[in-house]
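Contents: one structure, followed by commentary.
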Amino acid sequence: MLNLTRQERFVVRFLIAFFIIGGIIHLYNTRFSSKPALSNVDSIKSNLVDRVARNDSLYFLESEKTVQPEIEKSQEININTATKTQLMQIRGIGPVTAERIIEYRESEGIIKSIQELTNIKGIGIKTVEKIKNEVTIE
């Protein structure tokens, strides 16, 4: 048999038997199954339509969410009267820095200029430049 070793002949016979049994099972399923062969395709198609509909709605929901924060960010926050949560809405200001701003206000009084924020630990010139359009001092 084509000069194959005993083990190779065994593997070839096993593979042939495997494919024959698989073919028989496939024929049995297609002839004697109660479901038509295309019903699986229809269910896949309906699942895809549902997914596309959900993804489209998620896309529009996400785009609405991204527009909403832009509107909120356009409102300037008064550094001298803002609470900790209001200060945390400013880009680059986290909970620790917001707490430091409040402590600075309590110890030094009202902040007179935006540049005075550089006196607070954690706020440098770059941060002041980044937030100057989001904050106001009154």
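The values are calculated or read from the model by the stated rules, or taken from the named source; none is laboratory data. Just so we're clear, the structure is a prediction, and the values are computed from it rather than from any experiment. Using ideal geometry, Cβ is built from the backbone for each residue, glycine included, and neighbour counts are taken over all protein chains shown.
Here is a list: Ile125, Ile120, Ile114, Ile131. Which entry is in contact with a Leu (Cβ under 9 Å, 6 or more places away or on another chain) and of a type in the set (Val, Ile, Thr)?
After applying the criteria, what remains is Ile131.
When you go through Ile111, Ile123 one by one, which is the residue that is under 18 Å from Glu138 (Cβ atoms), of a type in the set (A, V, I, L, M), out of contact with any Pro (no Cβ under 6 Å at 6 or more places or on another chain) and modelled with pLDDT under 90?
Within the list Ile111, Ile123, the selection yields Ile111.
Just to be sure I understand, how many residues within the range 97-119 are more than 15 Å from Thr83 (Cα to Cα), among the hydrophobic types (A, V, I, L, M, F, W, C) and surrounded by fewer than 18 Cβ atoms within 10 Å (Cβ to Cβ)?
Qualifying residue count, the range 97-119: 1.
Residues of the range 106-127 being farther than 17 Å from Gln89 by Cβ and not in a loop (DSSP other than H, G, I, E, B), which ones?
Glu106, Ser107, Glu108, Gln115, Glu116, Thr118, Asn119, Ile125, Lys126
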